[in-house]
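Engineer: Have a look at this one before I ask anything.
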Amino acid sequence: MPSASALIDAHGRTIRYLRISVTDRCDLRCRYCMSETMQFLPRDRLMSVDEMAALAECFIARGVNKIRLSGGEPLMRGDTVALAERLGTHLGRGLDELTMTTNATRLARHAGALAAAGIRRINVSLDSRDPDTFRHITRTGDLDRVLEGIAAARSAGIAIKINMVALKGLNEHEIAPMLAWCAEQGFDLSLIETMPLGAIDEDRTDRFLPLTQVFADLSERFTLERDTFKTGGPARYWKLADSSIRLGLISPLTANFCDGCNRVRMTTEGLLYLCLGQDAHVDLRSALREGGPAAVDAAIDAGMMRKPAAHAFNIAPGAAPAVSRHMSVTGG
Ligand code: SAM
Ligand code: SF4
């Protein structure tokens, strides 16, 4: 049970979900996420496992019961498994779920240790099952390594959800086959609209595919029943008939679900961003270094008062990104 008061923001929303971007670095360069020549943080700006865990523990004490490790690519850091192991000790003792979002290029090596740490579900980004299209979208990716990572996670007993960003003219013809493949494999599938976060080398508008359109197409090919499952995020869910899997649509552009938002995001530098699509933040690492857990608590409370009511995404042609930081900084 939390020892201090629960986290309730200025709009009356209770915050129970923390995402941690453990590094802004990545071995891939997905076109909608990053530019080809990214400037990453100097390594000495990244928090240590001890600092990340100490901050996460302040959140658990305040009622956060779900933590997702993300990035950049979380498995780029050799000590991410150690962080998972430390946070895993809180499972069943305040923390209900510890999970990760990964590109799976290094998952084969770490799946067993992550399962042993208590990770039961993982999100894997897979925008194409065609090796050439996969390489084109990620600029450098090797599809086989990702599939090996997925297989290793499955063997380790970790449930898998595939994240697929819907990209006009790039992978739109693969969406229905991806849903069929996920049903065969027993994987949930979440489709994501491209969000205007950080400068990339192209105009995202050219690739923006509204999920309303994708859903209309899928509904003609599959029997989809609305599912009331809610995570406090921007996703809406459907059940696929004659299968155990769930289809999620993450569509912050065509549908806004900020009213029920239950999450905050911490960067690897210890900045707590209160909204993916806004700049409001507080500095938790400085609070930890200068005043310890009591100062962190006060900074988190200040953050709660600054959490915006809603994001400010706009995907109009030529419009500047809603915020200058990339998704990899705050963790998807
Ligand atoms: N590297 C890991 C991965 O790709 O799974 C974790 C971090 S990545 C930033 C998390 C998720 O954000 C991925 O599913 C990715 O496809 C998605 N993503 C990245 N940039 C995005 C953008 N601009 N709009 C929508 N989704 C994005
Ligand atoms: Fe890396 Fe994930 Fe961004 Fe792709 S989406 S470049 S894998 S952080």
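Engineer: Expressed as a rounded percentage, what relative contact order does the chain have, with Cα pairs under 8 Å and six or more residues apart?
Structural biologist: Here the relative contact order equals 22 percent.
Engineer: Pop a pseudo-label 7 angstrom from the Cα along the beta-carbon direction at both Glu97 and Asp44 and give the gap in nm to one decimal.
Structural biologist: Here the answer is 4.0 nm between the modelled labels.
Engineer: A further question follows. Given R₀ = 45 Å, what would the calculated FRET efficiency be for Ala312 paired with Ala116, taking r from the Cβ atoms and rounding to 0.05?
Structural biologist: With R0 = 45 Å, the Cβ-Cβ based efficiency is 0.65.
Engineer: In debye, nearest 20: dipole of region 17-330 around its Cα centre with unit charges on the Cβ of K, R (+) and D, E (-)?
Structural biologist: 540 debye
Engineer: Now for a separate question. What list of ³J(HN,Hα) couplings, whole Hz, do you get for region 257-263 from phi and the Karplus terms 6.51, -1.76, 1.60, once you set θ to phi - 60° and write x for glycine and proline?
Structural biologist: 10, 4, 3, x, 4, 10, 10
Engineer: What distance in nm separates the simple spin-label points at Asp142 and Asp130, each placed 7 Å from Cα in the Cβ direction?
Structural biologist: Label-label distance for Asp142 and Asp130, simple model: 2.2 nm.
Engineer: Given 0.36 nm per residue, what is the gain on full extension from Ala151 to Glu269 after removing their alpha carbon distance, in nm?
Structural biologist: Full extension from Ala151 to Glu269 adds 39.2 nm.
Engineer: Starting from 0.36 nm per residue, how many nanometres of slack lie between Ala4 and Ser243 once their C-alpha separation is accounted for?
Structural biologist: 81.8 nm
Engineer: Magnitude of the Cβ-charge dipole of region 134-196, K/R +1 and D/E -1, about the Cα centre, nearest 20 debye?
Structural biologist: Value, rounded to 20: 160 debye.
Engineer: For Lys230 and Met305, FRET efficiency with R0 = 30 Å and r from the beta-carbon atoms, rounded to 0.05?
Structural biologist: 0.75
Engineer: Let me ask another. Placing unit charges on C-beta atoms (Lys and Arg positive, Asp and Glu negative, everything else neutral), compute the dipole magnitude of region 166-315 about its Cα centre in debye, rounded to 20.
Structural biologist: 400 debye
Engineer: Which translational diffusion coefficient, to the nearest whole µm²/s, is obtained for the chain from the Stokes-Einstein equation, given a Kirkwood hydrodynamic radius over C-alpha pairs, 10 °C and 1.306 mPa s?
Structural biologist: Stokes-Einstein gives a translational diffusion coefficient of 79 µm²/s.
Engineer: Just order 284-293, 102-111 by mean Cβ neighbour count inside 10 Å, highest at the front, would you?
Structural biologist: 102-111, 284-293
Engineer: Another question, if that's okay. So if R0 is 35 Å, what FRET efficiency would Trp181 and Asp201 give, r being the distance between their Cβ atoms, rounded to the nearest 0.05?
Structural biologist: 0.75
Engineer: In the chain, if the dipole is taken from +1 on Lys/Arg beta carbons and -1 on Asp/Glu beta carbons about the Cα centre, which of Ile158, Val64, Met47 is farthest to the positive end?
Structural biologist: Of the candidates, Val64 comes out farthest on the positive side.
Engineer: Can you list residues from other chains, or at least 5 along the same chain, whose modelled amide H is less than 5 Å from the amide H of Gly72?
Structural biologist: When sequence neighbours closer than 5 places are left aside, the close amide H contacts are Ser328, Val329, Gly331.
Engineer: Unpartnered cysteines of the chain (Cβ-Cβ under 4.7 Å counts as a partner)?
Structural biologist: Cysteines of the chain left without a disulfide-compatible partner: Cys26, Cys58, Cys182, Cys258, Cys261, Cys275.
Readers should treat all values here as calculations from the given coordinates under stated rules, not as data from a laboratory. Predicted, not measured: the structure shown is a model, and the values here were computed from it. With ideal geometry, Cβ positions are generated from the backbone for all residues, glycine too; neighbour counts draw on all protein chains shown.
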